[in-house]
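Q: Please see the structure below; I have some questions.
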Amino acid sequence: MSAITPTSLLTQPLGQLATTIGATGVFHQYKLDFCCGGKQSLADALAKKGQDATPVLVALQQLQHQDAELPEWRSQPVKALIEHILERFHQRHRRQLPELIRLARRVEHVHANDLNCPTGLTQHLEEMYQELESHMLKEEQILFPMLAGGIYPAGPISVMEEEHLQHGDALAILDELTNNITLPQDACNTWTALYLGLKELKEDLMQHILLENEILFVQPKTIAKDDDRQMCCGSCQ
């Protein structure tokens, strides 16, 4: 990977940085939204937070010499990426959320009188699970088979991207309910397990959305060229 300068980093969208240099860990650390907010430049994202760019830039430049999972998917077949998303994210979310709902219900019941109790978290997770399950089924039954066949339908892709924004809003509410998933000092084991699981869910869902928005849903240029030739009148053949 060629050297990257601070100036070029600041002008690039967060989603592009996440999928070209594997910057998701840095963005999690500094709470920069690289999935639903992936179209905004790093400079704009930092300005909105009033955040100093220096430590972020230093951390990103250090990634030049590290291997990362996300950039590798840009060169992999679409079908392989779909299989990865199904196994790594769809199936994992279906395991994560029922257990997190169970843990949240227990914490809300036992610690109802604690000022730090995440009141309303169980209901929010149930709603997240319902919306996410509906979203994943639409991908599995409709969109993914089309993408695997080289068809990139603008309408269904746009619908999925809009739903991704809604998932991002749900994560923001999750942060509000849990004080940014911050445990109180006297948290019990169940509470601790719940927040560890919530952090994992949040990071997984953000990476899931990123892979789809920035890589899977982007039509490969080779396919676009083939489509152009098919639409040609034939005089240029």
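The values are calculated or read from the model by the stated rules, or taken from the named source; none is laboratory data. None of the values given here were measured: they were computed from a predicted structure. All Cβ positions, glycine included, derive from the backbone under ideal geometry; neighbour counts span all protein chains shown. Accessible surface areas use protein heavy atoms only, side chains included; no ligands, DNA or RNA. Shrake-Rupley method; radii C 1.70, N 1.55, O 1.52, S 1.80 Å.
Q: Report, by residue number, each residue of region 19-38 that is open to solvent by less than 50 Å² (accessible area, probe 1.4 Å) and assigned to a loop (DSSP other than H, G, I, E, B).
A: Scanning region 19-38 gives 21, 22, 23, 32, 34, 35, 36, 37, 38.
Q: A further question on this structure: Restricting to region 16-44, give me the number of residues that are farther than 25 Å from residue 75 by Cα and in contact with a helix residue (DSSP H, G or I) (Cβ under 6 Å, 6 or more places away or on another chain).
A: So the answer is 3.
Q: Residue 84 - would you say it is surrounded by 13 or more Cβ atoms within 10 Å (Cβ to Cβ), more than 28 Å from residue 188 (Cα to Cα) and of a type outside the set (Asp, Glu)?
A: Spelling it out, residue 84 is indeed surrounded by 13 or more Cβ atoms within 10 Å (Cβ to Cβ), more than 28 Å from residue 188 (Cα to Cα) and of a type outside the set (Asp, Glu).
Q: Ok, one more. Would you please list the contacts, defined by Cβ atoms under 7 Å and residues six or more apart or on different chains, that run from a residue in region 27-56 that is touching a residue at least 12 places away in the same chain (Cβ under 8 Å) to a residue that is surrounded by fewer than 20 Cβ atoms within 10 Å (Cβ to Cβ) and of a type in the set (Val, Ile, Thr)?
A: Taking only residues 6 or more apart or on different chains, the pairs are 41/11; 43/11.
Q: So which residues in region 171-199 are farther than 14 Å from residue 104 by Cβ, surrounded by 14 or more Cβ atoms within 10 Å (Cβ to Cβ) and within 18 Å of the chain's Cα centre (by Cα), if there are any at all? Explain how you work it out, then say what you get.
A: Keep residues of region 171-199 that are farther than 14 Å from residue 104 by Cβ, which gives 171-172, 175-176, 179-180, 182, 184-186, 189.
Narrowing further to those that are surrounded by 14 or more Cβ atoms within 10 Å (Cβ to Cβ): 171, 175, 184.
Correct list: 171, 175.
Q: Sticking with this structure for a sec: Going through 161, 126, 133 one at a time, which residue ends up being open to solvent by 20 Å² or more (accessible area, probe 1.4 Å), charged (D, E, K, R) and more than 18 Å from the chain's Cα centre (by Cα)? Break it down into steps so the answer makes sense when it comes.
A: Numbers: 161 fails: more than 18 Å from the chain's Cα centre (by Cα); 133 fails: more than 18 Å from the chain's Cα centre (by Cα).
Just a single option satisfies the conditions, and that option is 126.
Q: List the helices (runs of 4 or more DSSP H) that sit entirely inside region 65-167 and contain at least 3 residues that are more than 27 Å from residue 14 (Cβ to Cβ).
A: Of the helices (runs of 4 or more DSSP H) lying wholly inside region 65-167, those with at least 3 residues that are more than 27 Å from residue 14 (Cβ to Cβ) span 91-110, 121-138, 144-148.
Q: Looking at region 75-84, is at least one residue hydroxyl-bearing (Ser, Thr, Tyr) and within 22 Å of the chain's Cα centre (by Cα)?
A: The first filter runs over region 75-84 and keeps only residues hydroxyl-bearing (Ser, Thr, Tyr), leaving 75.
Now restrict to residues that are within 22 Å of the chain's Cα centre (by Cα): 75.
Yes, the conditions are met somewhere in region 75-84.
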